[in-house]
Amino acid sequence: MESSEGRLATAVRAPELARLFESDGPFASVYLTTVGDVENAGQRSMAHWKTVRGDLEQAGAPGDVLDAVEALVPDAHHEGACLGVVAGSPLLHVEHHRRPPPADVGRWAPLPSVLPLVRWRQDAPPVVVVLADRRGADLVALRRDRPEVAREAGGEDFPLTKVHAGGWSSRRYDERVERTWEENAEDVAAEVARLAHQVGARLVLAAGDERALALLEREIDPRLADRLVTVEGGRGAGAGGVDDEAVAALVAEAVAADTSAVVDVFEEERGQHDRAADGTAATVEALARAAVDALLLADDLVEDDRTAWFGPAPTSLATSPDDLRAMGVEAPTEAPLVDVLLRAALGTSAGVRLVPADRAPRDGVGAVLRWSS
């Protein structure tokens, strides 16, 4: 059975998001519909933005911050169906996502709203796709936030085809053919390992010639064996590559399995009264001690209206201002609970996992701890 540390490895750890909380607020957090496959896509994106901008203006966001966001909107549909921006002075962080948001969001608040960005990272782990034949393979690494990485492996093409003529010389020739296939498979497996480890691939999806795939399975790095999945598709002109919907379905299945594994660890630790914090109060206390290894949040907390209080350091948080003053924070600031929790978790290098509400900890908030409480 995989260790608890291994099962927690998929929790989102995002130092680039932690750095957003190091800037002084307030912040504009924008998640905007920018669907591209419609007529006049840029104008439609601007129409969505005008409504969000009006809400932000009423909340007190300054014009220079809003102008910086607006400059991104007209062309955002070329990058994805959702534009995500955390903006202060200056602009801080820009991302795009392939799916539109459930609703447009514009918030002006003391802390950035990064829950959607955490969700994007959780739902789109890196994947390596391998299209193999007996000559070798085309490889591509698919990553949420960076360009694709394409590689080619193998390439030895003589001899490549068996003669099926019978006799001793024919058998020798066929053995040379088999060796060519094997050498190409060895080269493919080595390149798959390099690329998968480079991007931290959660899955290696392989399609193509049946014999080539069997050889790849034999030669694959043992550390990748449980991530290798064979799918329909092929290499070369007319082969069709792999189906995008099939890739998306396999990724979603892997993400769900990883989430279930994290919840299993939490439930085991909670059942043993050991390395678990269950509920808001216990989790806030553990975050204040930098004791959290993985923060668990119910995936419906985007609608949560609870608040908490924070101070200068990531570990300065409490559920009341008086508790924070008792910790030496002179001027506590109130913000949405989920933002305060994410600031503390990301700022102490803890992982974050969004989990189904029906398997979530008490209050939708919990944690697996780094050490026994």
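If I go through the stretch 235-269 residue by residue, how many of them are outside any helix (DSSP H, G or I) and either surrounded by fewer than 16 Cβ atoms within 10 Å (Cβ to Cβ) or without any contact (Cβ under 8 Å) to a residue 60 or more places away in the chain (or both)?
Summing the residues that are outside any helix (DSSP H, G or I) and either surrounded by fewer than 16 Cβ atoms within 10 Å (Cβ to Cβ) or without any contact (Cβ under 8 Å) to a residue 60 or more places away in the chain (or both) in the stretch 235-269 gives 6.
Tell me, which residue of the stretch 96-129 that is touching a strand residue (DSSP E or B) at 6+ places or on another chain (Cβ under 7 Å) and among the basic types (Lys, Arg) is modelled with the lowest pLDDT?
Arg99
Pairs under 7 Å by beta carbon, first residue over 28 Å from Glu245 (Cβ atoms) and touching a residue at least 24 places away in the same chain (Cβ under 8 Å) in the stretch 96-110, partner part of a loop (DSSP other than H, G, I, E, B) and not aliphatic (A, V, I, L, M), six or more apart or different chains?
Hits for this filter: Arg107/Ser113; Trp108/Pro26; Trp108/Gly60; Ala109/Pro26; Pro110/Gly25; Pro110/Pro26.
Determine if the stretch 304-321 includes at least one residue that is under 24 Å from Pro101 (Cβ atoms), among the basic types (Lys, Arg) and surrounded by fewer than 20 Cβ atoms within 10 Å (Cβ to Cβ).
Looking through the stretch 304-321, at least one residue is under 24 Å from Pro101 (Cβ atoms), among the basic types (Lys, Arg) and surrounded by fewer than 20 Cβ atoms within 10 Å (Cβ to Cβ).
Would you check if Pro125 is within 30 Å of Val355 (Cα to Cα), in contact with a Phe, Trp or Tyr (Cβ under 6 Å, 6 or more places away or on another chain) and not hydroxyl-bearing (Ser, Thr, Tyr)?
In short, no.
Of a type outside the set (Ser, Thr, Tyr), surrounded by fewer than 13 Cβ atoms within 10 Å (Cβ to Cβ) and modelled with pLDDT of 85 or more: which single residue out of Ala212, Ala193, Ala225 fits that description?
Residue meeting the stated conditions: Ala225.
Looking only at residues in the stretch 28-72 that are within 13 Å of Val105 (Cα to Cα) and within 23 Å of the chain's Cα centre (by Cα), which one is surrounded by the fewest Cβ atoms within 10 Å (Cβ to Cβ)?
Going through the qualifying residues, I end up with Thr33.
Of all residues in the stretch 84-112, which are among the small types (Gly, Ala, Ser) and closer than 26 Å to Gly200 by Cβ?
Once the filter is applied, which keeps residues that are among the small types (Gly, Ala, Ser) and closer than 26 Å to Gly200 by Cβ, the stretch 84-112 yields only Gly84.
Looking at the stretch 289-304, which of its residues are modelled with pLDDT of 95 or more and under 17 Å from the mean Cα position of the chain (by Cα)?
Those that are modelled with pLDDT of 95 or more and under 17 Å from the mean Cα position of the chain (by Cα): Ala294, Leu295, Leu296, Leu297, Ala298.
Hey, Leu297 hits all of (1) surrounded by fewer than 17 Cβ atoms within 10 Å (Cβ to Cβ); (2) of a type in the set (A, V, I, L, M, F, W, C); (3) in contact with a strand residue (DSSP E or B) (Cβ under 9 Å, 6 or more places away or on another chain) but one; which does it fall short on?
It is condition (1) that Leu297 fails.
Name the residues in the stretch 294-312 that are among the aliphatic types (A, V, I, L, M) and either closer than 22 Å to Ala11 by Cα or free of Cβ contacts under 8 Å to residues at least 24 places away in the same chain (or both), would you?
Ala294, Leu295, Leu296, Leu297, Ala298, Leu301, Val302
Which residues, counting only those in the stretch 95-114, are over 23 Å from Pro62 (Cα atoms) and acidic (Asp, Glu)?
Result: no residue meets the conditions.
The values are calculated or read from the model by the stated rules, or taken from the named source; none is laboratory data. Because the structure is predicted, anything quoted here is derived from the model rather than measured. Note: ideal-geometry Cβ built from the backbone for every residue, glycine included; neighbour counts use all protein chains shown.
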